Amino acid sequence: RTDIPRTPSLPPRGERNRAPRFLKGKTEFEASFAGTATHTFMQFCDFAALAKSGAEAELRRLRAEGFLTDAMAEAVRIPEIEKFRESELFARMQNASYMRREFRFNASLPAWEFTTDPALAKELRREGADIIVQGVVDCLFIDRDGRAVLVDYKTDRLTDKEIADPTLAAAKLISRHKTQLKYYRAVCAGMFEREIDECVIYSLP
């Protein structure tokens, strides 16, 4: 949906728990595939059905209706979806007065915003140069207080230390994704002709 009303010698000690080199690529691929599958679940799931029946039931529906291949369905990280289902963010989304999910955009933005070189920025401003930006917004909703909220789901793997300390996780995710969300915020403000009051990175891990 898019619009929804609501016996060899041991290696050095520090390397004993590492995956063998020949398996490393496979492990990284599997992690990436699972992240993609989980994000696809988030794209197509029916939030009302998810709230009522849970992630497993909604996964079965998406698999049966062809939104997920068998391989993708097997890779979806159900515990992460259940955590989302129990989250404060999901509760806010359930009470939204308006919601739009997974919409693509092509937008023109000032080119000077894409450089950290002051001299180049000045020149681009003088020329009035623009850049065409393409992207997909995961979700934008209006909460019951009338605030416009932009949500971006992320499946980036986090270390055990980062998962245990939300401050570390937030620092990593914000540093990695803040520029993208800055542009998305500007695009959405233009599309909806209103200020975007809040940007949320929701880390599924």
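Quick note: the coordinates plus some simple rules give every number you see, no bench work behind them. None of these values were measured; they are calculated from a predicted model. For neighbour counting, all protein chains shown are included, and Cβ atoms are generated from backbone atoms with ideal geometry for every residue, glycine included.
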If Lys and Arg each add +1 and Asp and Glu each add -1, what is the summed charge of the other residues whose beta carbon sits under 13 Å from the beta carbon of Ile196? -1
Local electrostatic count at Ile78 - Lys and Arg +1, Asp and Glu -1, tallied over other residues with Cβ under 14 Å: 0
Between Ala119 and Glu86, what length in nm is gained on full extension when 0.36 nm per residue of separation is reduced by their alpha carbon distance? 7.0 nm
Give the shape of segment 82-205 as rounded, prolate or oblate, defined through the alpha-carbon gyration tensor: a ≥ b ≥ c are the square roots of its eigenvalues, a/c under 1.5 means rounded, and otherwise the shape is prolate if a/b is larger than b/c and oblate if not. oblate
Charges on Cβ only, +1 for Lys and Arg, -1 for Asp and Glu, centred on the Cα centroid of segment 60-205; of Met191, Ser97, Ala148, which one is farthest towards the dipole's positive end? Ser97
Prolate/oblate/rounded call for segment 59-103, Cα gyration tensor, a/c under 1.5 rounded: oblate
Taking the Cβ of Ala171 as the center, what net charge do the other residues with Cβ under 15 Å away carry, scoring Lys and Arg +1 and Asp and Glu -1? +2
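GluC sites (Glu not before Pro), restricted to segment 133-205: which are DSSP loop and have at most 13 other Cβ atoms within 10 Å? Each step should come with its number before you reach the end.
Working: sites: Glu162, Glu193, Glu195, Glu198; in loops: Glu193, Glu195.
Here the sparse-neighbourhood loop sites are Glu193, Glu195.
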